[in-house]
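Read through the structure below, which is laid out as structure tokens, and then see the notes.
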Amino acid sequence: AMQNIAITGHNLTIVQVEGTNTEPLTVESFDISPGQRVDVLFTANQDPGSYWIETTVRERNIQDVKGQAILQYAGSNATVPDTVPAHPAWDDTAFGEMQQDSLKSLDVSSDPESVALNATDIKRYVLVGTQNVYTKDDGESKLLRWAVNNVSSHRIGPRPLIERAVTASEEFGWPTAIPDTIDMTTE
């Protein structure tokens with residue numbers, strides 16, 4: 001199923017789709033298909049605090065299935081945000097078509113070298129969202145689990161999986177097992 005991605009209070013700028021540089025397109029949310037690659041930039045220029053990064057299912061009537069992570073500004077208190085981002089309705093096909101029609105390949109002959117490519121203080125994380133079938137200890141029950149880089153977990157307090165994955169990668173190197181998670185690669 002297609003997903004829509006948004007960050008509360010932040011605009012997202014699409015700059016590349018499937019390895020092709022695009023004219024920057026600034027949006028509040030964007031649709032992404034399974035297996036599709038989209039490079040998106042955003043500026044952390046809001047008031048210090050916590051903001052939801054959220055995905056919702058599109059073009060399938062599956063209500064209340066969301067992927068969530070928390071964007072936490074440095075120096076702010078760790079809290080669960082009150083406001084969720086806005087997403088188009090699951091059956092709003094015009095939204096995705098309009099967004100796709102707005103994407104234009106960039107004329108590389110006029111593309112100045114990006115400042116971001118030369119920056120030294122940028123951290124890059126590659127995150128792949130997957131769905132896996134997890135067999136419970138009884139050997140019978142099967143659950144569909146959302147995962148990030150094939151790691152899934154139960155939500156434990158305000159520390160979402162993405163934060164624990166980043167923290168573990170900084171502490172122990174990547175890849176590594178994250179405490180209280182299920183490694184889906186062994187299923």
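The values are calculated or read from the model by the stated rules, or taken from the named source; none is laboratory data. For clarity, every value in this text was computed on a predicted model and none was experimentally measured. Cβ placement follows ideal geometry from the backbone for every residue including glycine, while neighbour counts extend to all protein chains displayed. Areas reflect the complete protein model, heavy atoms only, side chains present, ligands, DNA and RNA absent. Shrake-Rupley method; radii C 1.70, N 1.55, O 1.52, S 1.80 Å.
Quick look at the numbers
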| quantity | calculated |
| --- | --- |
| Filter result for GLU23 (surrounded by fewer than 16 Cβ atoms within 10 Å (Cβ to Cβ) and either at negative phi or not in a loop (DSSP other than H, G, I, E, B) (or both)) | yes |
| Condition check for ALA69: on the phi < 0 side of the Ramachandran plot and more than 17 Å from the chain's Cα centre (by Cα) | no |
| Contacts under 8 angstrom Cβ, first residue in the range 1-27 being closer than 21 Å to PRO48 by Cα, partner among the aliphatic types (A, V, I, L, M) and surrounded by fewer than 15 Cβ atoms within 10 Å (Cβ to Cβ), 6 or more apart | ALA6/ALA86; THR8/VAL84; HIS10/ALA44; LEU12/LEU41; THR13/LEU41 |
| ASN4 being at pLDDT 90 or above and more than 21 Å from SER102 (Cα to Cα) | no |
| Leading residue by the ranking (farthest from PRO34 (Cα to Cα)) among those in the range 54-83 that are β-branched (Val, Ile, Thr) and part of a strand (DSSP E or B) | ILE70 |
| Total residues in the range 19-44, condition out of contact with any Ser or Thr (no Cβ under 7 Å at 6 or more places or on another chain), polar (S, T, N, Q) and closer than 18 Å to GLY96 by Cβ | 3 |
| Unmet criterion (only one of (1) modelled with pLDDT of 90 or more; (2) assigned to a strand (DSSP E or B); (3) out of contact with any His (no Cβ under 9 Å at 6 or more places or on another chain)) for TYR51 | (3) |
| Single unsatisfied condition, PRO88 versus (1) in contact (Cβ under 8 Å) with a residue 60 or more places away in the chain; (2) out of contact with any helix residue (DSSP H, G or I) (no Cβ under 8 Å at 6 or more places or on another chain); (3) assigned to a loop (DSSP other than H, G, I, E, B) | (2) |
| Positions within the range 33-61 being more than 30 Å from SER105 (Cβ to Cβ) and open to solvent by 60 Å² or more (accessible area, probe 1.4 Å), in sequence order | GLN46, ASP47, PRO48, ASN61 |
